[in-house]
Amino acid sequence: MERIPILKIGHNLLVSIQVDMHDQLALNLQDDLANAIARHHARGVIIDITALDIVDSFIGRTLAAIAKVARIMDCRTVIVGMRPAVAITLVELGMTLPGIQTALDLEKGMQLLAAPAERHRAPRPAADERLHRR
Amino acid sequence: MNGSTVADRIAIATEPDIVAARSAARRHAEILRFSVVDTTRLITAVSEIARNTLIHGGGGSMTIVPVSRPPHAGLKIVFRDEGPGIADIAQAMRDGFSTARSLGMGLGGAQRLVSEFEITSTPGRGTTVTLIHWKRT
């Protein structure tokens, strides 16, 4: 059966989607990643979607499900490389992928996973606070 | 697959056919030189409706025809199935409504992505979804 390769880099798993995914392929990826997280004790998953020219509601829902499953397995997920046109279309479609962490590219995604999780959950200083300091 | 601007018909009977439908729409959008964002909108809408045709309609077909309303050029894409039909179209168009494995934003979401959208359905006879996307000038 057709499968998307999952690479292990340190404590993280890397998936680079290079094909136009049909629905079953996306569902296979969801299962394979959950198994790979358990097998490798992975702390993070990076999914590179640079090559995807669309993310429809099915792919979006699958990405959200992958992140949810990973989270309850104590593993963080970062989606990297979303094209601007894909982001615009997703929002117009009505999907904002709540709960999914994103980074602009692979390097920033790796940095995000290398940083302690707490740092990203802490609220940032309010905008007006920063303005006052100017 | 010859890059001409004549009509193209794709059968939608299996999941990989959804990918084929997207590819055909992409090819036609590229011939008309749609912008990247408009191409993405169109292909995404096609993906949603093709999945709807397969899952809810039990399969069917997609036809792509270049259309023109000078000075505008566009694509008209028609999805037909002979499935159970939709009893309450307004309900089916609403975000969050779903009877199958989708997020329930397929139809309503697709409508927001394209220039024109029409759906007709006869319970027991099938559903036809027509979308037109005009190139922005």
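Observations on the model:
- Per-region count, the range A:77-120, residues part of a strand (DSSP E or B) and under 24 Å from A:Asp20 (Cβ atoms): 6
- Pairs with Cβ under 8 Å, 6+ apart, first in the range B:107-118 and more than 7 Å from chain A (Cβ to nearest Cβ) and within 14 Å of B:Arg94 (Cα to Cα), second part of a helix (DSSP H, G or I) and of a type in the set (D, E, K, R): B:Leu107/B:Glu48; B:Ala110/B:Glu48
- Test result for B:Arg94, at pLDDT 90 or above and surrounded by fewer than 22 Cβ atoms within 10 Å (Cβ to Cβ): no
- Looking only at the range A:20-49, and only at residues there that are more than 14 Å from chain B (Cβ to nearest Cβ) and in a loop (DSSP other than H, G, I, E, B), the one that is surrounded by the most Cβ atoms within 10 Å (Cβ to Cβ): A:Ala42
Okay, residues lined up against (1) charged (D, E, K, R); (2) out of contact with any strand residue (DSSP E or B) (no Cβ under 7 Å at 6 or more places or on another chain); (3) within 12 Å of another protein chain (Cβ to nearest Cβ):
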site: B:Ala7; (1), (2), (3): no, no, no
site: B:Ile10; (1), (2), (3): no, no, no
site: B:Arg22; (1), (2), (3): yes, yes, yes
site: B:His28; (1), (2), (3): no, no, no
site: B:Leu32; (1), (2), (3): no, no, no
site: B:Ile43; (1), (2), (3): no, yes, yes
site: B:Thr53; (1), (2), (3): no, no, no
site: B:Met62; (1), (2), (3): no, no, no
site: B:Ile77; (1), (2), (3): no, no, no
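- Exclusive hit being within 21 Å of B:Lys135 (Cα to Cα), within 11 Å of the chain's Cα centre (by Cα) and in contact (Cβ under 8 Å) with a residue 60 or more places away in the chain, set B:Ala25, B:Ala73, B:Ala21, B:Ala45: B:Ala45
- Answer from A:Met110, A:Met82, A:Met95 - the residue that is out of contact with any strand residue (DSSP E or B) (no Cβ under 6 Å at 6 or more places or on another chain) and more than 14 Å from chain B (Cβ to nearest Cβ): A:Met110
- Any hit, the range B:6-26, residues being modelled with pLDDT of 95 or more, assigned to a loop (DSSP other than H, G, I, E, B) and surrounded by fewer than 15 Cβ atoms within 10 Å (Cβ to Cβ): yes
The values are calculated or read from the model by the stated rules, or taken from the named source; none is laboratory data. Remember, it's a predicted structure, so these values are computed and weren't measured experimentally. In this analysis, Cβ positions are derived from the backbone assuming ideal geometry, glycine residues included, and neighbour counts consider all displayed protein chains.
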